[in-house]
Amino acid sequence: MEMKNKTIYILIILALISSLIIGIQRHIAENQYRRVDLTIDLDELMESAQGMDLKEVLTDLKKAGIHSVAVKEITLNKARAMGLLGVYSPSELRFLPGGWMDVLETEKLNTTDNMTLIITDSDRVFEMIKEQLTARFGKEKVAGYHTRDFKIISLAFPKTAELMNLELGFDFNQFDFVRELGLKIIPRIKNHPNLDETYIIQLFERLSEYPVSAIVFEGDEILGFPKDSRLSLISHYLRNYPFGLIETVTGSAPNFHQKGMEKVARLSGYNITRVFSLSRKEMKQLDPESILGKWSRSVERNNRIIYIKPIFKGHFASERNVALTIEYVNKLKTELTEKGFIIEDVKTIPFKTASKFLLVLIVAGATAAGVQMIDLILPALKRYRSILFVVFFIPLGIMLFTPMWILDILLVALAISIIFPSVALIWFIREACIRKETGASMNIKEGCVVFCKVVGIALAGALLLAGVLSDIRFFMKLEFFRGVKLAFVVPLVMIWAGFMAYWGKETAAKDSGALVKNMHHFLHQHILVKHLAIMGIGGAVLLIYLLRSGNLPGFSVPVFEQEMRNLLETLLLVRPRTKEFLIGYPALVLLIWAAANGRFNFLLPLALLAGVGLISLTNTFSHLHIPIFISLLRTLYGIILGVVVGIVAVVMIWSVARCLEKIQEVLVDE
């Protein structure tokens, strides 16, 4: 039985309704996800505020808006710099005054070159360092000795840079100091393969005594990795503390990958948030206003812990750097509160995943749209639409209820991102062909309707894409949309195929096999030098297009474009995408104008350029870490600006054409 157009439209409408329901649920959850934690790195602050009263500095930062302090584990280097202990190799002790070698011999401490000696006069520091070294190296390698004035720890491990920078747990005196100031604490926990379940339990029992607002792990592993039992134990404790996924824009993934983080996130019930931080290098290179802008805009990407390193300008004194940091933290707090955010302990977003029933409807609608796209290009397959629908929908629908459901929605999302921009412009190409054959004209009102239909089809796809990917894993970027390059290229190929189906020697409006016949004719054409030149230019443009697309663009934005972006970010709530308002939508306006005036020679290049904008529109909604309201607003800005640019282009082209016509008339008269 042939699948009717009415059935296809009903399935797409049901999918769109499902996406709108999910979108509303998501928007409500995103509006509730308004808590932001401004945290300052304690080690960086201590370095920046050298010679200043740290208590006074932190008090001023708290008044400015700092909510918590990120405390890292202590290292031997750090402890030595703080004057808590000394670290020596046996050979170094021989040259120290005070007869230390005699002391060691009196204590019957055998020394070797592959040994490190740690000396302190503090019982607290002695017990802390000895306990942490024992947890990491084992009892057989660590020993402690007491003299009349000092405590000595011997470690059967050479004094190396690796040892001196090894994280050795927390100095809880720092926790006490922060707590007394009324600030929250974010521990930066570092993993070590020898830290067992007992260590983990003791650590979190101790952390429970302090006002911990979140956990951010240090290094490239989650505490407990690679032991599953330890990761499960960590996950149990992290149900009480959200842990931060650190955003990165320089790696192959959107979050800095810490081994074990996916498992811990899942077992903790996705009690997670995202962390934004500028590197020390960026903090030195950027001016304070740029730093403020990056801090502020990071919240738009669902970052809820802003990890602040002090502003550091080498030519400024410590007091000036600290004052700058306080000033811009206060500006950040003001900007965020004006946008409706609350400086408070972070809570995870109250949206975990969409209803499977709604997802099934979206999959059905996407499949129906795919069948419609095939029908537009190859009308000969129209009688097989029901079979095509069943062949694709059944496996995709079943996969939603298997452990492979994430892969399933990624496949559906990629299909949606290809199908809807393609259908929008292939439909227009077909309509233009029919108008040419019938000689029907197009007035301004009809042109506006056509524009709305084309953009509406693409926007429907964007909403389906946002609906099918609505899951906390995508909000937090543990998972992200795959196949970006395919999504940017394949629709252009489909648009070209649609053009070949309707604008060759044969037309699919009359001949259902037109595409095959036109392709055969095209492939048997003689290639001239001008064709090679056009192909070369087209290839270069395509390469630039691909390099400029995706999560990791292949080259940087030109200075003039960056200035334009900065201006738009200043004037508008969110910046529209360049590919949309400068290329896609103006090209679509020109495309409709050209078709209305019978200038069909420009149909294909303008359709491809318009496709760039519609692809970008759909892609905008694949960024689930951006709130859906922001994506809608960005799209609206892009359409409005793009239409204005398009109308200006039409007026300019029309004016130039009129001038050329008058000049030609004058030349003919002469």
Is the shape of region 320-382 best called rounded, prolate or oblate, per the rule: a/c under 1.5 gives rounded, else a/b larger than b/c gives prolate, else oblate, with a ≥ b ≥ c the square roots of the Cα gyration tensor eigenvalues?
-> prolate
In whole Å, how far is the Cα centre of region 361-394 from that of region 280-351?
-> 50 Å
Dipole size in debye (nearest 20) for the chain around its Cα centre, Lys and Arg Cβ +1, Asp and Glu Cβ -1?
-> 2220 debye
Honestly region 322-442 on the Cα gyration tensor test (a ≥ b ≥ c root eigenvalues; a/c under 1.5 rounded, otherwise a/b vs b/c for prolate or oblate) is just oblate
How would you classify region 30-71 from its alpha-carbon gyration tensor, with a ≥ b ≥ c the square roots of the eigenvalues: rounded for a/c under 1.5, else prolate if a/b is greater than b/c, otherwise oblate?
-> prolate
Among (i) 1.10; (ii) 0.96; (iii) 1.04, the value of Rg/Rh (Cα atoms, Kirkwood Rh) computed for this structure carries the label (i)
Just going by the charge dipole of region 1-86, with Lys and Arg at +1 and Asp and Glu at -1 on Cβ, which of I74, L38, S19 is farthest out on the positive end?
-> S19
Carbon and sulfur %, accessible surface of region 272-362 computed with the full protein complex present, 1.4 Å = 55 percent
Can you list residues whose amide H is under 5 Å from R35's amide H, if they're 5+ apart or on another chain and H is modeled 1.01 Å from N?
-> I342, K347
Among K382/K436; K259/K356; K281/K339; K62/K141; K382/K579; K55/K284, which pairs are too far apart, with a Cα-Cα distance over 32 Å?
-> K62/K141; K382/K579
TM-like helix rule applied to the chain (DSSP H, alpha carbon span at least 20 Å on the long axis, mean Kyte-Doolittle at least -1.0) gives 5-32, 123-137, 318-338, 356-377, 385-399, 405-438, 444-468, 484-502, 529-547, 603-620, 628-669
What is the magnitude of the charge dipole of region 168-256 about its Cα centre, with +1 placed on the Cβ of each Lys and Arg, -1 on the Cβ of each Asp and Glu, and no other charges, expressed in debye to the nearest 20?
-> 160 debye
Fraction of accessible area attributable to carbon and sulfur, region 592-639 (%, probe 1.4 Å) | 69 percent
Using per-residue counts of other Cβ atoms within 10 Å, averaged over each peptide, order 229-241, 392-404, 585-597 from highest down.
-> 585-597, 229-241, 392-404
Listed residues A460, H623, I406: farthest to the positive end of the dipole of the chain (Cβ charges) = A460
Rounded to the nearest 5, the percent of DSSP beta bridges in the chain running antiparallel is 35 percent
Would you mind getting the accessible area per residue of the chain, heavy atoms of the protein chains only, 1.4 Å probe, in Å²?
-> 47 Å²
At a 1.4 Å probe radius, which order do D37, D149 fall into by accessible area, largest first?
-> D149, D37
In the neighborhood of F481, defined by Cβ-to-Cβ distances under 13 Å, what is the net charge if each Lys or Arg adds +1 and each Asp or Glu adds -1?
-> +2
A convex hull over the alpha carbons of region 416-508 yields, per residue, a volume in Å³ of 93 Å³
Average silhouette area of region 134-196, convex hull of alpha-carbon atoms, in square nanometres | 6.4 nm²
For the chain, averaging the sequence separation of alpha carbon pairs under 8 Å that lie six or more residues apart and dividing by its residue count, the contact order in percent is 16 percent
Total formal charge among the other residues, if their Cβ is under 13 angstrom from that of L400, Lys/Arg +1 and Asp/Glu -1 | -1
For the chain, with +1 on Lys and Arg beta carbons and -1 on Asp and Glu, the positive-most of A424, L332, L633 along the dipole | A424
Using a 1.4 Å probe and counting only protein heavy atoms, arrange R188, R266, R34, R280 so the residue with the most accessible area comes first.
-> R266, R280, R34, R188
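The values are calculated or read from the model by the stated rules, or taken from the named source; none is laboratory data. Quick caveat: nothing in here was measured; it's all calculated off a predicted structure. All Cβ positions, even for glycine, are placed from backbone atoms using ideal geometry, and neighbour counts span all protein chains on display. The accessibility values were calculated without ligands, DNA or RNA, using every heavy atom of the protein model including side chains. Shrake-Rupley method; radii C 1.70, N 1.55, O 1.52, S 1.80 Å.
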